[in-house]
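Working notes for the structure below.
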Amino acid sequence: MPVRLKRKKDNVNTSSNGILDVAIIGAGLTGMYALHKLREEGHAVRVFDRADGVGGTWWWNRYPGARVDSPGAPFYCYTFSEDLVAEWEWLETQPDQPAILSYLNHVADRFDLRRDIQLATSITDAAYEEDSGLWVLATSKGEEVRARYLISAVGTLSDAYKPAFDGLASFRGEVYHTGHWPQDHDVDFTGKRVGIIGTGSSGVQLIPIIAESAAALTVFQRTPQYVLPARNRPLAEELKTLAKENWPELRERAVATGRPLPKAQELAVEASQEERNAVYEQAWLTGGMSLRDCYGDHMSDPEANELVAEFVRKKIREAITDPDVAEQLLPYYIFGAKRLILGTGYYEAFNRDNVSIVDVKKAPIVCITDSGVETSDGFYELDVLILATGYDAITGGLTSLNPRGRDGVRLRDVWSKGVQSYLGLAVSGFPNMFIMHGPQTPAVKYPMHLGAELQGDWIAGIIRHAKNGGFDTVEAQAAMQPAWGKEVAAIADRSLYSKAESWYMGSNIPGKPRQFMVHLDGPGYHRRIHEVAESGYEGFEFSKADVAAESDAYAAAVLS
Ligand code: N01
């Protein structure tokens with residue numbers, strides 16, 4: 001049954017014919033901004049989210065210790081409203097999950113977003129209808145929703161990955177995934193034998209906290225990480241003032257350079273050992289991403305990268321009392337190629353008597369039994385098992401919905417050998433569908449909220465362009481996609497980010513095509529999409545719904 005979306009007094013933006021102008025999936029930071037922007041443009045918009053509250057990743061990731069990493073406060077926020085910047089008070093350099101969620105709730109109230117957000121509602125199917133040029137969505141509530149445009153704002157880290165361990169379902173203790181932490185109760189580790197699989201950002205934040213109360217904590221580590229000290233602390237008054245008083249310039253600089261504050265230009269390879277050590281020590285004390293950012297060549301020159309990598313290894317050796325344990329925690333791959341992690345007391349946790357580490361690269365997990373984890377050289381009895389095993393990153397949120405484009409072609413089939421997109425915003429064969437913070441965009445390498453705003457503005461612009469021209473359908477031309485893929489890959493090849501296994505590459509998910517999914521030049525990306533807009537949206541085809549239906553050969557063409 002189509003949902004009748006009637007114009008209501010309290011809901012001026014819903015359409016009178018029951019058809020939305022825009023349906024947005026996801027009420028996280030991208031979806032919320034898109035709603036705000038598109039509603040300002042006069043569109044009938046509705047956002048759907050499976051969660052019971054707004055906030056996306058910050059709604060789900062409630063595990064103890066969850067807090068933001070780079071760039072942290074006061075820059076981890078929306079930038080479009082100076083009033084919002086002026087009125088919100090960040091208290092810490094790395095705000096924790098409750099603080100970020102309150103901020104996002106404040107934004108939802110401040111801009112009256114909630115009236116157009118439908119929570120606790122999953123989109124279970126999304127299909128493009130050729131004749132009408134509309135997207136037809138099915139919801140978990142049994143509704144059918146029709147919309148001219150579909151925006152995926154499902155998030156880059158929303159599709160929790162649970163490895164298919166044999167016997168996982170048979171475990172009789174408590175099992176949690178960090179990305180689906182219980183909403184309704186605190187998890188009590190007191191006196192329990194806890195096992196955690198995974199030492200990415202989530203595991204690293206959680207481990208020292210569990211260690212404080214668990215009887216025993218066993219960390220199942222596959223790959224050691226470079227964990228930098230977060231050094232979360234109260235946000236200095238000067239920084240608060242600097243941000244509030246100089247907001248337009250800081251925003252402008254962030255748009256132009258990807259950073260609100262200037263980046264170091266000096267090169268590690270050109271500094272003397274003495275100078276470099278002093279700079280590294282200072283950066284280690286300052287915390288956050290200072291160590292990565294204290295020289296300009298860490299992520300481009302392998303020699304500089306090895307210098308900073310060795311400095312971190314030295315710090316790990318110093319932090320851990322048992323040299324055998326330290327040895328297991330030492331990373332020997334490109335520093336920063338896996339996302340860098342900010343920790344608090346992470347390495348020190350391994351000095352506790354109740355914490356032990358198991359190298360599951362050497363002795364892989366064989367199965368989970370009803371009472372614990374069995375590896376190839378031992379059995380670990382547990383009361384609680386935590387999966388800090390990450391996400392089907394960047395694409396998983398959308399491919400798990402698996403929308404159907406023209407001729408019923410599924411996105412997962414189109415992307416089976418790797419992502420194809422134009423500007424990371426649109427996919428040929430999926431007219432009127434736009435993706436925010438998707439693959440082949442700088443989503444995770446650019447200030448998050450600012451990136452969402454620039455993409456949201458761009459999408460609003462192309463929809464306006466179509467509307468003004470009397471067009472119903474906008475579609476990326478298939479011919480533009482290979483060149484875009486090459487452009488993204490070429491930038492990645494010039495950096496060190498693509499030189500290690502990571503979720504940026506899809507290598508954390510068995511069977512996922514290996515492809516560097518992130519556009520590493522954030523400012524360049526935003527200039528590029530701006531130029532496309534200025535050119536009248538070169539590479540997009542605009543048409544009327546009735547002439548938009550394509551030949552039967554279409555499916556074969558996109559799948560070839
Ligand atoms: O996930 P991850 P995450 N057997 O993919 C291991 C953001 N974030 O949730 O490295 C054994 O990084 C896997 O091992 P390996 C941030 O962008 C931000 O921790 O693949 N182990 C790895 O150790 C982050 O990068 C914040 O060899 C298995 C771990 O599980 C992203 O989210 C906080 C395994 C997964 O690490 C994801 O972080 C939290 C298996 N079969 C998250 N499968 C902040 O803002 C996987 N692993 C601070």
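Every number in this text was worked out from the coordinates using simple rules, so none of it is lab data. All figures in this text were calculated on a predicted structure; none of them were measured in a lab. Cβ sites come from the backbone with ideal geometry, for glycine too, and all protein chains shown count toward neighbours.
General remarks:
- Antiparallel content of DSSP bridges confined to the chain, in %, to 5: 40 percent
- Inter-part distance where the stretch 451-506 and the stretch 111-141 are each reduced to a Cα centre, Å: 23 Å
- Estimated FRET transfer efficiency (Val325, Glu82; beta-carbon r; R0 51 Å; 0.05): 0.55
- Among Thr93, Trp60, Ile197 - extreme Cα towards positive end, dipole of the stretch 51-200, charges at beta-carbon: Ile197
- Each of Lys240, Lys512 has some number of other Cβ atoms within 10 Å of its Cβ, and from fewest to most they run Lys240, Lys512.
- Dipole orientation for the chain: of the candidates Ser376, His43, Ser81, His43 has the Cα lying most toward the positive pole (charges on Cβ; Lys, Arg +1; Asp, Glu -1).
- Cα-centre dipole for the chain with unit charges at Cβ (Lys and Arg positive, Asp and Glu negative), debye to 20: 860 debye
- FRET E, pair Asn354, His185, Förster distance 30 Å, beta-carbon r, rounded to 0.05: 0.80
- Protection-proxy order for peptides 307-313, 359-365, each taking the mean of Cβ atoms within 10 Å per residue, highest first: 307-313, 359-365
- Ranking Ala533, Ala479, Thr139 by how far each Cα lies toward the positive end of the dipole of the chain (charges on Cβ) leaves Thr139 at the top.
- Restricting the stretch 87-183 to trypsin sites (Lys or Arg not before Pro) in coil, as DSSP defines it, with at most 13 other Cβ within 10 Å: Lys141, Arg172
- Asp413, Asp472 arranged by Cβ crowding within 10 Å, fewest neighbours leading: Asp413, Asp472
- Based on DSSP H segments of at least four residues, each scored -39500 (n - 2.57), the chain has a per-residue ellipticity at 222 nm of -9500 deg cm²/dmol.
- FRET efficiency for the pair Tyr332 and Leu267, taken as 1/(1 + (r/R0)^6) with r the Cβ-Cβ distance and R0 = 22 Å, rounds to 0.45.
- Taking Cys367, Cys294 and counting other C-beta atoms within 10 Å, the order from fewest to most: Cys367, Cys294
- Distance between modelled label sites at Thr286 and Ala169, nm, 7 Å Cα→Cβ extension: 5.2 nm
- Eigen-decomposition of the gyration tensor built on the alpha-carbon atoms of the stretch 118-220 gives equivalent ellipsoid semi-axes of 40, 14, 14 angstrom, largest listed first.
- Pairwise label distance in nanometres, Ala483 with Lys361, each label 7 Å out on the Cα-Cβ vector: 4.1 nm
- The stretch 226-305: relative contact order as a whole-number percent, Cα under 8 Å and 6+ apart: 37 percent
- Gap separating the Cα centres of the stretch 373-433 and the stretch 151-221, nearest whole Å: 20 Å
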